[in-house]
Amino acid sequence: MMNTQKITETLHIPCYTICMIERFQTGKLMWTNLKNPTEAEITEIVHALDIPITLTSDLIAPVPRNYAHESNGVIKIAVDFPVVKRIDAKQPYELKFIIMKAALVTVQYEEMEAIDRFKKQFEVLTTLGKTSKKMTGAHLFFALMNELYNTSGTKLDYVESNLSDIEAQIFKDNERQMVVEIAKTTKRLIAYRHTLKAHE
């Protein structure tokens, strides 16, 4: 049995958590975020939002490509975002979006700082009454993508810091030990470039 918990009653934007489903609403616009969804959770969202069944076949797991599809006025997009700091992550982080006039559905398979930050921003703006009544799922999608790109850009600061550390070690006559670190950093930069380039 799934438990529904109302997080707060004071916000203009009710936030409900049902298992791995998070719902955020402002006016008639609903944002639903799914984390590692089960088939039952996907079925629930598909029926609740009347999503075309042709757009739901691969929501349960990541796919190894970026793409965009449209069906009956609903757009589905899958994109990868580069991983820089985590050395245990072998693949980019994938996000899927289902964009509708009055709804946005996001599907994530890893914890992502940018999404958590966007949730807080969205709550604050809605609480302050600064979201437009004409806001659509597409507006929300572009706002979230902007946050994701900004976060991806700041990850390069981490790489730059690594390069500075490597340079300092080289000047301390530790060139041989730094060869492996240079190779790792180069690999991360190449993966970063390839991942974002695929968004084109």
* What ranking do 29-38, 163-172, 106-115, 64-73 get when scored by the average of other Cβ atoms within 10 Å per residue, highest first? -> 29-38, 106-115, 163-172, 64-73
* To do: Among the listed pairs 120/184; 96/155; 35/187; 28/76; 101/197; 101/187, give every one whose C-alpha distance is greater than 30 Å.
  => 120/184; 101/187
* Asked: Out of residues 5 or more away from residue 103 or on other chains, whose amide H comes under 5 Å of its own, with H placed 1.01 Å from N in the peptide plane?
  -> 30, 137
* Estimated inter-spin distance, residue 187 and residue 171, nm [label 7 Å along Cα→Cβ] -> 2.8 nm
* Asked: Karplus couplings for the stretch 51-65 from phi (6.51 cos²θ - 1.76 cosθ + 1.60, θ = phi - 60°), rounded to Hz, Gly and Pro as x?
  -> 7, x, 4, 5, 9, 10, 5, 10, 6, 6, 8, x, 10, x, 7
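Values in this text are rule-based calculations from the coordinates and carry no lab data. Keep in mind that this is a model prediction, so the values were computed, not measured. Neighbour counts are summed over all protein chains in view; Cβ atoms, including those assigned to glycine, are modelled from backbone coordinates with ideal geometry.
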